[in-house]
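Taking it in order: structure first as structure tokens, then the write-up.
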Amino acid sequence: MSMKIIVIAIVIIIIAGLGGYFIFTNYSAPSAGGTTAEGAADQVQVQDIKVGEGTEAVPGMVVSVLYRGQLEDGTVFDSSEAHGNEPLVFTLGQPGLIPGFQIGINGMRVGGERVMIIPSSLAYGTEGVKDPEGKVVIPGNTNTVFNVVLLDVQAPPAEAPAGEATPAEI
């Protein structure tokens, strides 16, 4: 065979191989149990660092957590440490916290530690967060990462019977 035919055959094999690779990487179906990038866009991703053995956090319960919130580049924007290591206490499922944070806490058990990646759609949205001086703390359309430790889960306080004052009202 002539050298020209051999070079042409090698070029054709390389082009076919690259074309096959391109088709495989861009059009192959996701693996079983895998999540596509589109599917993950509106889902909280969680990774348990330590699975707790205590009471499970479920909607309606009062939970107490230590947390560190950061951007994907590692920049910390808020934490329990910044607030004197005071736990964040809230009723799971009630308004007041970003939805993704509550979704990520749901199902944890006391003593557990979890990392949550929260998409912007379930965090601070397109507007982001600015401090009182107008400086951007969390840019819009930014995913956030929270490290949380679940310290306690309690039943919500019982409501006082009608006509009786609660301690807060006295």
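Values in this text are rule-based calculations from the coordinates and carry no lab data. Quantities reported herein were computed from a predicted structural model and do not represent experimental measurements. Cβ sites come from the backbone with ideal geometry, for glycine too, and all protein chains shown count toward neighbours.
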Between MET3 and SER79, what length comes free when the chain is fully extended (0.36 nm per residue of separation minus the Cα-Cα distance, one decimal in nm)? 20.5 nm
Spin-label zone in segment 94-130 - amide nitrogen under 20 Å from a point set 7 Å from the Cα of ILE49 along the C-beta vector: 100-119
Using R₀ = 22 Å, calculate the FRET efficiency as 1/(1 + (r/R₀)^6) where r is the Cβ-Cβ separation of ASP152 and ASP42; round to 0.05. 0.15
Step through the residues of segment 64-69 one at a time and calculate ³J(HN,Hα) from phi using the Karplus curve (6.51 cos²θ - 1.76 cosθ + 1.60, θ = phi - 60°), rounding each to whole Hz and writing x for Gly and Pro. 10, 9, 9, 8, 9, x
Quick one: Cα centre-to-centre distance for segment 87-129 and segment 53-83, in angstrom? 7
Fully extended, how many nm does the chain gain between ILE10 and VAL58 (0.36 nm per residue separation, minus their Cα-Cα distance)? 11.0 nm
Pair VAL89, ARG109: separation of 7 Å Cα→Cβ label points (nm): 2.5
